[in-house]
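Okay, so here's the structure we're looking at.
The values are calculated or read from the model by the stated rules, or taken from the named source; none is laboratory data. Note that the coordinates shown come from a computational prediction; the quantities given were computed from them, not determined experimentally. Don't worry about glycine lacking a Cβ; one is built from the backbone with ideal geometry, like all the others, and counts go over all protein chains shown.
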C-alpha cells in the first residue's frame, strides 16, 4: 500500500479533474481544426489522417504500459513525467512548420497521455477509497470527462476561427501548468504500489510499432496497390512485429502488459471486439463530418464546432438513459439496441450530398448516433470486466481503452483510404462528399458487425448492466483508467 502523509484530497481531485478534462478535450478539439491544419501545413488527404493516427496509436498502444509504470515507479512521478511530455508536445505541435512536425508532436502527446491518464485515475482511487467522498470524487471525474468531450469540438472551432488552428495545441499548455502546480502542492509522494514487477517495455514498443506499420500500409494503398511490393512488405513487417508482441507476452519474465489468457473470457473478448469496431466507426464519422461541414457546406470552424455539439450532448443523454435502463435490461440488450441505433444514424449520415443542410444532413443523424452510442458506453465497460479476477480488473479496463484507440486508428485508415479512392484526384464538393458518404456508410457496416459479434460471443444471461459510473464506485481495486478515449 502506498503511504500518504501529505496528501491534500481537494487539490488531488482538482488536479485529476483538470487532467481528465484536458485529455478528453484533446481527443475532440483537433477534429474541427483539421481543414485549417491541412491548409496551414500542406497536408494531403491521406497525410492529414496521421494527425489522428499518431495520437491514437501511441495513446492506445502504450496505455497499459503507462498504468503498470505508474504502479511500479510511483503514480505522482509518472503523472508529472506524462504532464511534462504532454505539455511540451502541445507547445511544439502548435509551433509546427511542417506536416512531420505536427505528426511527431501528436505522437509525443499520445505517449504523455498514456502515462498521465492511468496515473491520475489511480491517484483518485487511492485518495478516495470509500464512502460518499469517493462517490463525489468519481462524479466530478465523470462530469469533467463528459464536459471535455462535449465542448471540445465547440472550443476547437472557436479557437480555430478566431485565434488560429495552432491554438488547438497551445490550449493544453496553461492546463498542464495548472495541474503541475496542483500536483506539486496537493499530491503526496508515496511509495510505488507494485515495486516488485518490472513493466514490459518491449511488449509496449512492439505492439505500438506493429499497429503503426499496419496503419501505414493501409493508408499508403492510395499510392501503392494492395498487391504491390511496398504494401505487402509493410503489412508483412507489421504482422511480424505483432507476432513478436504475442511471443513476448507469453514468455517475458517481466510483468506482461496483458495476460493473453484473459481473452478466453467471452465477456472480455466480445466487449473488446465491439469496442474496436465501434471506435473505428465513430472516429471516422467525426473526421468525415468535420470535413463535410466545412468543405461541402462551407461553414467556418466555429459554426462547425457548434454543429457538432448536439452529437456530443446526445452521447451524454444516451449514457443517462443507459443508467435508467441498466437495472432492467442486460448489457447485451443495451449493446444491441444502442449499436443498431448508432448504425442507423451512420447510414443516415451516408446519405449526405453537397447541397445538403444542417437540419437534414447533420442534426438528425447526430442525435440518433449520439443516443445510440451513449447507450453502449456503460454496458461495454460493465461487460469488459465481468468474470475478471479483482487483481485484473484494472488491466481489463485499460485493455478496453486500448482497443478503442487502436480501433479508431485502424478504422480511420481503412475508411479514409476507401473515401480517398472514391474521391480520386477531384477536389469539388460533389466528389469529396461522395467519398465522405462512402466512408460513413462503411462505418455503419462496422457497427452492424460489432452487434453481430456481440450476439455471437457474449452470453445471453447475466445481471442487468452496471454502468461505468457504478463500476468506479464499487471496484476500488482498479488502477488503470477508463479514459476519455472511452467516449
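Count, please, the residues in the range 348-367 that happen to be surrounded by 22 or more Cβ atoms within 10 Å (Cβ to Cβ) and touching a helix residue (DSSP H, G or I) at 6+ places or on another chain (Cβ under 7 Å).
5
Listed residues 42, 94, 131, 61; which is more than 20 Å from the chain's Cα centre (by Cα) and closer than 30 Å to residue 421 by Cα?
Only one candidate qualifies: 42.
When you check residue 298 against the structure, is it at positive phi and either in the same structural domain as residue 367 (by TED's automatic domain parsing) or under 22 Å from the mean Cα position of the chain (by Cα) (or both), yes or no?
yes
Of the residues that make up the range 110-129, is at least one out of contact with any helix residue (DSSP H, G or I) (no Cβ under 8 Å at 6 or more places or on another chain), surrounded by fewer than 20 Cβ atoms within 10 Å (Cβ to Cβ) and farther than 21 Å from residue 29 by Cβ?
Looking through the range 110-129, at least one residue is out of contact with any helix residue (DSSP H, G or I) (no Cβ under 8 Å at 6 or more places or on another chain), surrounded by fewer than 20 Cβ atoms within 10 Å (Cβ to Cβ) and farther than 21 Å from residue 29 by Cβ.
Go through the range 390-424 and give me each residue that's surrounded by fewer than 24 Cβ atoms within 10 Å (Cβ to Cβ) and at pLDDT below 80.
390, 391, 392, 393
Taking the stated definitions as given, is residue 311 surrounded by fewer than 24 Cβ atoms within 10 Å (Cβ to Cβ), under 23 Å from the mean Cα position of the chain (by Cα) and either assigned by TED's automatic domain parsing to the domain that holds residue 61 or modelled with pLDDT of 85 or more (or both)?
Here the answer is no, as residue 311 does not meet what is asked.
Out of 42, 93, report the one residue that is surrounded by fewer than 20 Cβ atoms within 10 Å (Cβ to Cβ) and in the same structural domain as residue 173 (by TED's automatic domain parsing).
Selected residue: 42, the only one of 42, 93 that is surrounded by fewer than 20 Cβ atoms within 10 Å (Cβ to Cβ) and in the same structural domain as residue 173 (by TED's automatic domain parsing).
Within the range 248-268, work out how many residues are assigned to a helix (DSSP H, G or I) and either closer than 21 Å to residue 200 by Cβ or not assigned by TED's automatic domain parsing to the domain that holds residue 63 (or both).
Summing the residues that are assigned to a helix (DSSP H, G or I) and either closer than 21 Å to residue 200 by Cβ or not assigned by TED's automatic domain parsing to the domain that holds residue 63 (or both) in the range 248-268 gives 10.
Given the criteria surrounded by fewer than 16 Cβ atoms within 10 Å (Cβ to Cβ) and at pLDDT 90 or above, does residue 430 qualify?
Yes; evaluated as a whole, the condition is true for this residue.
Just to be sure before I move on: is residue 54 assigned to a helix (DSSP H, G or I), within 17 Å of residue 205 (Cα to Cα), out of contact with any strand residue (DSSP E or B) (no Cβ under 9 Å at 6 or more places or on another chain) and at pLDDT 85 or above in the structure I sent?
yes
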